[in-house]
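Participant: One structure coming up, written as structure tokens, with questions to follow.
The values are calculated or read from the model by the stated rules, or taken from the named source; none is laboratory data. Being a predicted model, the structure only gives us computed values, none of them experimental. Every residue, glycine among them, receives a Cβ derived from its backbone with ideal geometry; neighbour counts consider all protein chains shown. Surface accessibility is based on the protein's heavy atoms, side chains included, excluding ligands, DNA and RNA. Shrake-Rupley method; radii C 1.70, N 1.55, O 1.52, S 1.80 Å.
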Amino acid sequence: MNISVPVLPLRSGAAIPQIGLGTWPLDDDEAARVVETAVGLGYRHFDTAENYRNEKGVGAGLRRSGIDRADAFITTKFNKEWHSYDGVRRALDASTQRLGTEYVDLLLIHWPNPGLDQYVDAFRGMRAAQEEGLVRAVGVSNFKPAHLQKLADAGLVPEVNQVQLDPYRPRRDVRAANDELGIVTEAWSPLGKGTSLLEEALLKDLAAKYGKTPAQVVLRWDVQSGIVTIPKSANPQRLAENLDIFDFELDPGEMSALEGLETGLPVTDSDSFGH
Ligand code: A2P
């Protein structure tokens with residue numbers, strides 16, 4: 001199997017594949033193995049972070065796979081100690097060194113850390129790195145609408161906002177703010193890890209109807225919603241399964257039924273948590 005995944009255009013001209021491979025909490029060895037397998041299955045988008053401590057493994061897996069660098073889309077993220085104009089450059093240099101690549105496709109502020117209140121400066125540093133070609137696209141992660149607004153007030157608009165998002169927590173407020181600013185929404189933990197999401201009767205019914213699994217129905221909902229999604233799996237069969245969602249389509253009623261699964265279950269609060 002080698003599936004070609006649709007891409008969404010980003011403002012800078014980069015194109016982000018709508019399904020990527022989440023790599024937390026894989027260590028370097030696991031990441032190298034899983035990334036190499038994933039490339040063989042058709043994955044071209046790989047999501048890592050300084051904080052995951054597996055950038056070396058992701059880079060090694062990509063090299064082992066033999067894929068051309070230009071055909072891979074690599075996202076990484078940096079921690080709060082680098083939230084300054086110059087700090088971003090040091091973080092990026094360290095990440096590209098660990099990855100063994102000259103540039104990253106997408107660089108994200110991992111958490112806003114509003115108590116530190118340095119993400120505007122950090123974003124300016126990211127734009128400078130982008131102008132130098134060290135990073136193709138710049139974005140944020142775990143930003144609430146108020147954090148996005150503060151950036152927008154400074155004339156800065158991220159290309160992507162990666163947030164915790166699944167049918168239990170569809171993040172309508174964040175998606176609306178992203179849409180208004182022209183920011184692509186990306187879902188981390190799209191399968192609702194730690195919840196009973198994949199046991200939902202609605203998902204089981206739709207899975208039976210389409211000959212798919214509940215996880216494939218959820219990922220299909222992401223893609224049809226215009227969201228980029230990065231399910232993590234270390235299992236070759238589930239890696240393949242998570243990519244195999246382009247031969248069926250949920251109808252509008254099914255799409256809104258999925259939105260109706262919203263539970264009010266909390267997400268990690270980025271006003272109080274961050275690293
Ligand atoms: P595994 O690595 O053993 O496949 P998320 O990315 O939403 O945080 O989800 C990751 C979790 O979901 C991991 O525990 C992963 O386990 C599991 N997972 C990934 N793909 C599937 C799938 N298609 N069906 C069921 N569980 C999955």
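Participant: With +1 assigned to the C-beta of every Lys and Arg and -1 to the C-beta of every Asp and Glu, and no other charges, what is the dipole magnitude of segment 7-259 about the Cα centre in debye, to the nearest 20?
Facilitator: Working: 29 positive and 37 negative charges, 64 e Å.
With Lys and Arg at +1 and Asp and Glu at -1, about 300 debye.
Participant: Next question, about the same structure. Under a plain spin-label model, where a point goes 7 Å from the Cα along Cα-to-Cβ, how far apart in nm are residue 84 and residue 116?
Facilitator: About 1.1 nm separates the two model spin labels.
Participant: Here is a further query. To the nearest µm²/s, what D does Stokes-Einstein give for segment 1-46 at 20 °C and 1.002 mPa s, using the Kirkwood radius over alpha carbon pairs as Rh? Could you put the intermediate results ahead of the total?
Facilitator: Details: Rh = 11.6 Å.
For these conditions, the coefficient is 185 µm²/s.
Participant: Considering only protein heavy atoms and a 1.4 Å probe, what is the carbon-and-sulfur percentage of the accessible area of the chain? The partial results should precede the final answer.
Facilitator: Numbers: 5520 of 11460 Å².
Result for the chain: 48 percent of the exposed heavy-atom area is carbon or sulfur.
Participant: Which whole number of Å³ per residue matches the convex hull of the alpha-carbon atoms in segment 22-121? Before the final figure, lay out the partial values.
Facilitator: Details: hull volume 8.6 nm³, N = 100.
Cα-based convex hull of segment 22-121, divided per residue, equals 86 Å³.
Participant: Based on the Cα gyration tensor of segment 65-219, what are the three equivalent ellipsoid semi-axes, each the root of five times an eigenvalue, rounded to whole Å and given largest first? Could you put the intermediate results ahead of the total?
Facilitator: Details: eigenvalues 196, 84, 33 Å².
They are 31, 20, 13 Å, listed largest first.
Participant: Is there a pair in 209/232; 150/193; 77/204; 56/80; 77/232; 204/232 whose C-alpha atoms are over 28 Å apart, and which pairs would that be? Before the final figure, lay out the partial values.
Facilitator: Values: 209/232 25 Å; 150/193 31 Å; 77/204 35 Å; 56/80 20 Å; 77/232 16 Å; 204/232 21 Å.
Beyond 28 Å: 150/193; 77/204.
Participant: Let me spell out the model: positive unit charges on the Cβ of Lys and Arg, negative unit charges on the Cβ of Asp and Glu, origin at the Cα centre of segment 1-146. What dipole size does that give, in debye rounded to 20? Working shown, then result.
Facilitator: Values: 17 positive and 19 negative charges, 46 e Å.
With only Lys, Arg, Asp and Glu charged at Cβ, the dipole is about 220 debye.
Participant: Please find the FRET efficiency linking residue 132 to residue 7, where r is the Cβ-Cβ separation and R0 is fixed at 30 Å, and quote it to the nearest 0.05.
Facilitator: On the way: r = 24 Å, r/R0 = 0.80.
For R0 = 30 Å, the calculated efficiency reads 0.80.
Participant: Between residue 15 and residue 181, how many nm apart are label points set 7 Å from Cα along the C-beta direction?
Facilitator: With each label point 7 Å from Cα toward Cβ, the separation is 2.6 nm.
Participant: Take residue 172 and residue 196, extend 7 Å from each Cα along the Cα→Cβ direction, and tell me the distance between the two endpoints in nm.
Facilitator: The two pseudo-label positions are separated by 2.4 nm.
Participant: Working out 0.36 nm times the residue gap between residue 204 and residue 154, then minus their Cα-Cα distance, what length gain in nm do you get to one decimal? Intermediate values should be presented prior to the final figure.
Facilitator: Working: separation 50, 0.36 × 50 = 18.00 nm, distance 4.57 nm.
Gain on extension, residue 204 to residue 154, equals 13.4 nm.
Participant: More than 22 angstrom separation, counting every C-alpha pair in the chain; what % is that?
Facilitator: Values: 20477 of 37675 pairs.
Pairs farther apart than 22 Å: 54 percent.
Participant: Work from the charge dipole of segment 7-259 (Cβ charges, +1 for Lys and Arg, -1 for Asp and Glu, about the Cα centre) and give the residue of 197, 250, 62 farthest towards its positive end.
Facilitator: 62
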